[in-house]
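The values are calculated or read from the model by the stated rules, or taken from the named source; none is laboratory data. Values in this document were obtained by computation on a predicted structure and should not be read as measured data.
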Amino acid sequence: MITKNHLDSAVIYVIKNNPKIYRDTNNINYVIEEKDGKIDTTIDTYYNDGKTYLTIKIKTEKGQCEYTFRYYGSEEDWKIASTSEISICYAYDETGIGGSEGNGEIDEQKLKYLTAVFEKELVEKVDKKLNRVHFDKE
């Protein structure tokens with residue numbers, strides 16, 4: 001069983017411990033909320049909010065690729081679901097080609113390249129941290 005919180009903890013661990021991954025936290029608004037007598041700090045930049053979406057840059061031999069990925073479901077789902085998953089929302093290569101659908105600029109080879117970089121530098125390391133094997137869901 002891998003809940004969203006367990007998956008998120010592993011993702012954050014990998015981001016912090018993989019020198020090839022960079023998460024830009026400049027221009028991020030920090031929102032401090034009080035819930036049930038506890039103070040919680042939330043990062044808020046919509047597609048880099050640290051809760052539902054994360055935007056990362058991964059260094060490659062050619063430069064860096066950029067990815068925005070999200071955790072599946074809503075906060076309510078995360079409370080009750082026994083499994084969790086992430087999916088890529090946006091991916092750009094070192095020259096800025098990509099996006100959510102590629103806008104006609106991305107071919108199958110580039111798509112495979114972007115996916116391979118993401119899997120090698122993030123997904124495989126998250127799998128190792130969780131002692132799991134991922135599977136692709138289309």
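Residue-wise test of (1) within 21 Å of F118 (Cα to Cα); (2) among the basic types (K, R); (3) at pLDDT below 75.
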| site | (1), (2), (3) |
| --- | --- |
| T41 | no, no, yes |
| D49 | yes, no, no |
| T52 | yes, no, no |
| I56 | yes, no, no |
| E66 | yes, no, no |
| I80 | no, no, no |
| I86 | yes, no, no |
| G96 | yes, no, no |
| G99 | yes, no, no |
**Request:** Just need a number here: residues in the stretch 45-71 that are within 11 Å of the chain's Cα centre (by Cα) and of a type outside the set (V, I, T).
**Result:** 13
